[in-house]
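Take a look at the structure set out below.
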Amino acid sequence: MLDPRIYRAAFLPILFALVLVGFSLKDQPRPLQAPVAPQAFDGGAAFAQLNSLAQANPDRQPGSTGDGRVAATVAKTLRSNHFRVSVRRFTGETAVGKRTLQTVIGERIGFSNRRILVVAHRDALGHGARAELSGTAALLQLAHVLGGRTLGRTLELASTSGGSAGAAGALQLARQLGGPVDAVLVLGDLAGTTTVRPVVVPWSDGQSIASLQLRRTVESAVHTETGMQPGGEPVGDQFTRLAIPLTVGEQGPFNALGVPAVTLSAGGERPPAADAPVSEARLDAFGRAALRAISALDAGHDVPAATPYMTIQHEMLPAWPVRLLVASLILPVLLAAIDAFARVRRRRQPVATWLGWIAACAIPFVLATLVVLLLPALGILHASPPRAVPRDAIPRQTGVLIALAVVLLVGWFGIRGLLLRYTHIGGDPTGPGAAAAVVLVLCAVAIGVWIVNPFAALLLVPALHLWLLAIAPEVRPRARFTLPMFALGLLPAVLVAWAYARQLQLNPLELAWTGVLLIAGGQVSVVAALVWSLVLGCSAAVLVIVVRGIRHGPPEERVAVTVRGPASYAGPGSLGGTESALRR
């Protein structure tokens, strides 16, 4: 099935791609600088307003009476500081179900119609939650400072609801921007005493993340005003966020649409606990950092749009060389798979039958996906926001996870077996036909994923190569090596899951529950869920081939040679077969 010469020769373009990756690295842009020091921010006044709002409205679940009273206070304060105020009402999906929410927007016209948008949510799932309200307190103080200034760009201050989990307000605002926006600054926990780096969060719900210049501008402001290092992201974490885009921060919807946005928060991406302590000094320092960043953006040049990229040391790597590198890594397996298909067809061995077998292997995962999609309609999930939510925002339903495990087991041992018997699909999966079918399907899926997201396709590259070598009859290694090779093919996906579990502080059950919510809420599209179900089906098919090979050995070791020529005959029969002729 596999011609090693074709496979090896196809590795040559990888060297060219690696050279391009090296030459595509470029220096990071310099941060924009504020023309004046932002001493006008009054941290004491902001802290007093924070305490007043939290004491008067301790319960501020999305769409609640307390949430509405804070929205009214924000609108009144913006009007008193010469902002033109508008209120948008809509129905949004939150962690407590569908609610009628309102977004309060204050606009102050500048010399340019290009805008700087500052966003802070006012709701909270817990009682009190002063740290979570500190962004709103800083927003009101910024309105007091900037309401009397002459601005180069139009400034919009937006107070949203639903940001405690699901970011319904930010999502609606991102979809209805209505004009060019240079940058979005989301104010998170600015008064909490706990620091979680990075304090400038750039991640996205899509492949594009906040422009590096916006990030460096806000990070420079934080360092100047607080004296702390904002913190960077390891290369592995950056790759994780690009391969499987996911964030619980309110900057995510804006970046997904190409609008550069970052969240400024002392507590990092995750919202603070309801009883988290707050500090007036911390609010003053981070408030001045926000004012400095806004001033720099207002006086500086246009900020680039959100795009996919990675930072390595002090340099930036754009996405296009990564796309080229991933394509060159897929190429050897693709050429080997096409050649293998031709060889298998010349031997008149079935391939379509094994494609049906692979589809049957994917059935359990497809069924589990369909069950998850039906959970909201059946009323089992009372809340399914269209974005990732923080830990414990929607209590885990262990019964749902158990039911999905049962669906997978029934699908594999029951429905899959019935389908195979009903369609008369059978035979020895360790032969070249099954291997060729599996590799062809994996290559097709990898190419489709590569077109949409090359970083996600890179997750499949180790599996493509290792599983090809593990199941190809001509080069299949010894049985004790095949199972570790299968496990190594799954390692990238395991590392991505571990990275998210570490960054969002999720245990394995909570990580699985997050996956259920992402599919049920639509963050993971139906098409994407079905594609990854097919990948899991191929993984299961490879595991069946590997286990069967370990138990029984490859086909050529199980078939005895019964036809030979005379002792003096040196033709193909005396060698036990004509496999060499078939390979040509």
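Full extension of the chain between Thr353 and Ser24 gives 113.9 nm of extra length, using 0.36 nm per residue less the Cα-Cα distance.
Shape analysis of region 350-558 places it in the prolate category; the axes a ≥ b ≥ c from the Cα gyration tensor give an a/c of at least 1.5, with a/b above b/c. Between 0 and 90 degrees, the angle of helix 319-346 with respect to the longest Cα principal axis of the chain falls at about 20 degrees. Label reach from Ala48 (point 7 Å along Cα→C-beta): in region 255-293, amide nitrogens under 20 Å belong to 278-288. Each Cα pair under 8 Å and six or more residues apart adds its separation to the average, and for region 350-558 the resulting relative contact order is 38 percent. By its C-alpha gyration tensor, with a ≥ b ≥ c as the square roots of the eigenvalues, how is region 29-312 shaped: rounded for a/c under 1.5, else prolate for a/b larger than b/c, else oblate? Rounded is the answer for region 29-312, as its axis ratio a/c remains below 1.5. If you take the Cα centroid of region 220-246 and the Cα centroid of region 464-481, the two points sit 40 Å apart. The simple Förster model, with R0 at 25 Å and r as the Cβ-Cβ distance, assigns Val406 and Arg548 a FRET efficiency of 0.45.
If you plug the beta carbon distance of His82 and His301 into 1/(1 + (r/R0)^6) with R0 = 30 Å, you get a FRET efficiency near 0.65. Entry note, the chain: the mean residue ellipticity at 222 nm calculated from DSSP H runs of n ≥ 4, each adding -39500 (n - 2.57), is -17000 deg cm²/dmol after division by the residues and rounding to the nearest 500. Farthest towards the positive end of the charge dipole of the chain, among the residues Val104, Pro29, Ser134, is the Cα of Pro29, using unit charges on the Cβ of Lys, Arg, Asp and Glu. In this calculation the C-beta distance from Lys98 to Arg5 is compared with R0 = 60 Å, giving a FRET efficiency of 0.50. Applied to region 84-96, the Karplus parametrisation 6.51 cos²θ - 1.76 cosθ + 1.60 on θ = phi - 60° returns per-residue 3J(HN,Hα) values of 7, 9, 9, 10, 10, 10, 7, 9, x, 8, 10, 5, 10 Hz, with x for Gly and Pro. Extension gain for Gln505-Phe16 works out to 172.1 nm (0.36 nm per residue, less the C-alpha to C-alpha distance).
For the chain, what class follows from the C-alpha gyration tensor (a ≥ b ≥ c being the square roots of its eigenvalues): rounded when a/c is under 1.5, otherwise prolate if a/b is larger than b/c, else oblate? Prolate is the answer for the chain, as a/c is 1.5 or above and a/b outweighs b/c.
How would you rank Trp357, Trp532, going from fewest to most other Cβ atoms within 10 Å of each one's own Cβ?
Going from sparsest to densest Cβ surroundings: Trp532, Trp357.
Rule-based calculations on the coordinates, nothing more; no lab input. Keep in mind that what you see is a predicted model, and the values were worked out from it rather than measured. Every residue, glycine as well, gets a Cβ built from its backbone with ideal geometry; the counts of neighbours run over all protein chains shown.
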